[in-house]
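Below is one structure; the comments refer to it alone.
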Amino acid sequence: MNKNQGKNSETESANDTVYGVHAVIDSLTENLGNKLYIQDDLRGKNVDKMKSLASEKKVNISFISKEKLKEMADGGVHQGFVLKTSAYAYQELSDLLKLTKNAENPLLIIIDGLTDPHNLGSILRTADATNVSGVIIPKHRSVGVTPVVVKTSTGAVNHIPIARVTNLSQTLDKLKSAGFWVFGTDMNGTPYSKWNTQGKVALIIGAEGAGITSNIKKQVDEMITIPMKGHVQSLNAGVAAGILMYEWARNFGAK
């Protein structure tokens, strides 16, 4: 599910695929399905629900083998269901800014160099749960919306606006001009329990291990840290993002 141009047809086909019960149901519900593939020997309420929903949405169904489904899902856990979809429609940055223009305490999550689709899916899932306004990801050196992201997000990808930008540094300048305070995540910084989440907030989540890139760090207004008392030096990006999103939600809800 990737909107990039210039890729070969095989890559485009692979990225226009959703698999797994929850992801397929949500994509069908959101009218994104083109064709549904169901494991030919599968029976039960999920099959009945899929058939009924596909019929309602006028999506054709084909029954194929488990092995063929596995191939279509690129080895992912498909649970007997694969859906061919329309290419994912990324938002423009200007669209996100319009969404947050009159909001009192909006939060935008910015991804800097994250390459693990499971982490991005997890972040989207929590973003939906905490009512985050949107997510911004760079076009280069970062994971986009892939079938794995869709499945891991359990459908949240269809409800959280995602903008894909060419230049992250310029994007931060535009956010600041729109009144956003930009926060980053780092081992050294303000403890997240003392994070001032009032106003328009943009939170940058860095790559696994490497963290936020040095040039982007220069544009951050304040670094936020999650204190750690054990032996490990960092948290999984999805886990760290989840803690901070819920801290923002807790503070916002208290006001």
Please arrange ARG164, ARG141 by counting, for each residue, the other beta carbons lying within 10 Å of its beta carbon, fewest first. ARG141, ARG164
Lysine pairs in segment 93-253 with Cα distance under 18 Å, only those 8 or more apart or on different chains: how many are there? 14
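Tell me the mean residue ellipticity at 222 nm calculated for the chain from its helices only (DSSP H runs of n ≥ 4, each -39500 (n - 2.57), averaged over every residue, nearest 500). Intermediate results must be reported in sequence, preceding the final value.
On the way: 10 runs with 93 residues, N = 255.
Using -39500 (n - 2.57) per qualifying helix, the result is -10500 deg cm²/dmol.
Rounded if a/c is under 1.5, else prolate if a/b beats b/c, else oblate: with a ≥ b ≥ c from the C-alpha gyration tensor eigenvalues square-rooted, which is segment 192-234? Don't skip to the answer; put the middle values down first.
Working: a/c = 2.60, a/b = 1.19, b/c = 2.18.
Oblate.
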Using modelled backbone amide H atoms (1.01 Å from N, in-plane), which distant-in-sequence or interchain residues come within less than 5 Å of TRP181's amide H? LYS200, VAL201, ALA202
Residue ranges of DSSP H helices in the chain that stretch 15 Å or more (Cα, own long axis) and have mean Kyte-Doolittle hydropathy of at least -0.5 are 117-129, 237-253
Checked against the positive end of the charge dipole of segment 93-253 (+1 on Cβ of Lys and Arg, -1 on Cβ of Asp and Glu, about the Cα centre), the farthest of GLY199, LEU244, THR100 is THR100
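What's the magnitude of the charge dipole for segment 17-85 around its Cα centre, counting Lys and Arg as +1 and Asp and Glu as -1 at the beta-carbon? Answer in Debye, nearest 20. If you can, show how the numbers build up before the last one.
Numbers: 11 positive and 9 negative charges, 35 e Å.
Rounded to the nearest 20 debye, it is 160 debye.
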Would you be so kind as to identify which of ALA178, GLY144, THR154 lies farthest towards the positive end of the dipole of the chain, taking Lys and Arg as +1 and Asp and Glu as -1 on Cβ and the Cα centre as origin? ALA178
Order of HIS78, HIS118 under a 10 Å beta carbon neighbour criterion, fewest first: HIS118, HIS78
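So how do HIS159, HIS22 line up by other beta-carbon neighbours within 10 Å, fewest first?
Working: HIS159 12, HIS22 16.
The fewest-first ordering by Cβ neighbours comes to HIS159, HIS22.
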Lys/Arg Cβ at +1, Asp/Glu Cβ at -1, dipole of the chain taken about the Cα centre: which of PHE63, THR130, SER169 is farthest positive-ward? THR130
Going by amide H atoms built from the backbone, whose H comes under 5 Å of the H on THR115, apart from near neighbours? VAL143, GLU208
Per the rule of 0.36 nm per residue minus the C-alpha distance, extending ASN46 to HIS140 adds in nm 30.1 nm
Please get the size of the charge dipole for the chain, origin at its Cα centre, with Cβ charges of +1 on Lys and Arg and -1 on Asp and Glu, quoted in debye to the nearest 20. 300 debye
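I need the shape label for segment 93-253. Rule: rounded when a/c is under 1.5, else prolate if a/b > b/c, else oblate, with a, b, c from the alpha carbon gyration tensor. Let's see the in-between values first.
Details: a/c = 1.22, a/b = 1.04, b/c = 1.17.
In terms of gyration-tensor shape, rounded.
Where a number appears in this text, it was derived from the coordinates with a stated rule and is not lab data. As the structure is a prediction and not an experimental result, all values here were calculated from the model. No Cβ is skipped: glycine too gets one built from the backbone with ideal geometry, and neighbour counts run over all protein chains shown.
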